[in-house]
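Notes for the one structure printed next.
Rule-based calculations on the coordinates, nothing more; no lab input. These numbers come from a predicted model, not from an experiment. Cβ: placed from backbone, ideal geometry, glycine included. Neighbour counts: every protein chain shown.
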Amino acid sequence: MFSNLSAGALGLPLDHTTSIDLAAKHGFGGVDPDLGYFRSLGSTTAVAEHAAAVRDKGLEWGMTGLPVPLDGSAAEFRQALVDLPEALELLTAAGVTRVGTWMRPMHDDLDYLRNWRLHVGRLALVAELLADAGLRIGLEYIGPKTFWSTERFPFIHSLREARELIADSGATNVGIILDSYHWYTAGESAADLAGLTDADIVSVDINDARADRERDEQQDLDRRLPYDTGVIDLEGFMGAVHAAGYSGPVKVEPFMKSLAEQTVDEVLADISARLDRAVAEA
C-alpha cells in the first residue's frame, strides 16, 4: 500500500499540478487523479504524457470520483451514462484504475428495499461499463448514527451491508472504500475485517474521533487526525488492512477547518508522517 495525497480530502485548495509537486516533495507515494484537469489537456495523448510525468516523480494514482451518481435522479443518471465514454477514455489514457463514491445512508422517500434495488441495478450496469475500461469502483458506507438517523428511511451504514450489496450486484470489479471513522462509528472491530483481501478494498481512509463524544454522538464532519486521540483503534484497523494484503492508496480525510490555519507545507509534512506510520505498521 502507499500513502496518498488527496488535497480535497484535507480541505486544501491546491490545483492538480501543485498537488503533484507537493506530494513528491513530502514523500507521498501517490496523488489523486483529476478528471477535470485531464479534460483541459485536450487529447488522450497529452493525458498519457502527463501520467508518465507523474510516474517519473515516483507517484502512483490514488482514486478519483465515480462520474456517475448512483443515487441521482433518472435524468441525471441517464445523462451521466451518455457522458461516461469520454470520461473513461481519459481515465484509461492516464492509467487510472480506481474510482469511488459514498453511499447516502438514508432517504426520505425510498424505503430500504426500494433503495437497495435502485443501487443494485445501477451498480451492476455501471460496473460492467467500467470493467471494460479496467476500472474498479469503491463504495464507501457512512457510519455515524447522527447522520443516517436524520431521514425517514435508514439505508446502508455498515461493512456487512455494503458487502452484501456488492455481492447482490454480481459485479467483480466493485469493492469497499474502508474508512476507519465509519468503521468505528458503525460499531465494528478488527474481527469484522477478518477475511478481507486486496480485491475487496479499493481505497483506505484513516481518521480519529473526538474523545469527548460517545460513539453514537460522533458527527460525520467533525473528526480528528489519525493517532491524535486514540479513540479509534488504528493499530487494529491497519493491522487488518495489512493482513488483507492491501496494495492501494491510504489517505487522511479529517474535515478539520483548523488545518487552514497552518501553512500547506506544515500540514503535508504532518499528514505524510502519520500515513507513513500507518502504512509501515504490521
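Once you have the Cα-Cα distance between SER189 and ARG117, take 0.36 nm times their residue separation minus that, and quote the gain in nm to one decimal.
In short, 23.1 nm is gained.
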- Message: Can you sort PHE28, PHE77 from fewest to most other Cβ atoms within 10 Å of each residue's own Cβ?
- Response: PHE77, PHE28
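Between SER258 and ASP56, how high is the FRET efficiency from 1/(1 + (r/R0)^6) when r is the Cβ-Cβ distance and R₀ = 30 Å? Nearest 0.05. Mind dumping the intermediate values first?
Numbers: r = 35 Å, r/R0 = 1.16.
Calculated value: 0.30.
Taking neighbour Cβ counts within 10 Å as the exposure measure, how do LYS145, LYS251, LYS57 sort from fewest upward? Walk me through the intermediate numbers first.
Numbers: LYS145 18, LYS251 27, LYS57 12.
Sorted ascending by nearby Cβ count, the order is LYS57, LYS145, LYS251.
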- Report the residues of segment 220-234 in range of a label on SER149: point 7 Å along Cα→C-beta, backbone N strictly under 15 Å from it. 220
- How many angstrom separate the Cα center of segment 214-245 from the Cα center of segment 55-132? 26
- Note on the structure: Expected unfolding gain across ALA124-ARG160 under the 0.36 nm per residue rule, minus the alpha-carbon gap, is 11.1 nm
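What number comes out for the charge environment of LEU110, summing +1 per Lys or Arg and -1 per Asp or Glu over other residues with Cβ under 11 Å away? All intermediate terms of the calculation are to be shown ahead of the outcome.
On the way: positive: ARG104, ARG114, ARG117, ARG152; negative: ASP71, ASP108, ASP109, ASP111, GLU151.
Once all neighbours under 11 Å are counted, the net charge is -1.
At 0.36 nm per residue, minus the direct Cα-Cα distance, what do ALA199 and ALA167 gain on full extension? Give it in nm, one decimal, please.
On the way: separation 32, 0.36 × 32 = 11.52 nm, distance 1.29 nm.
Taking ALA199 through ALA167 to full extension adds about 10.2 nm, to one decimal.
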- Message: Helix-only mean residue ellipticity at 222 nm, the chain, DSSP H runs n ≥ 4 weighted -39,500 (n - 2.57), per residue, nearest 500. What is it?
- Response: -13000 deg cm²/dmol
- Message: Just want the ordering: LEU139, LEU129, LEU88, from fewest to most Cβ atoms lying within 10 Å of their own Cβ.
- Response: LEU129, LEU88, LEU139
- Mark the label point 7 Å from the Cα of VAL82 along Cα→Cβ and return the residues of segment 18-41 whose backbone N is within less than 17 Å of it. none
- Note on the structure: For SER73 and ARG39, extending 7 Å from Cα along the Cα-Cβ vector and measuring point to point gives, in nm, a value of 2.0
- Bin width 10 Å, alpha-carbon pairs only: give the P(r) of the chain as whole percents, running from 0 to the bin holding the largest distance. 7, 29, 36, 24, 5, 0
- FRET efficiency (SER247, ASP21; Cβ distance; R0 25 Å; to 0.05) is 0.50
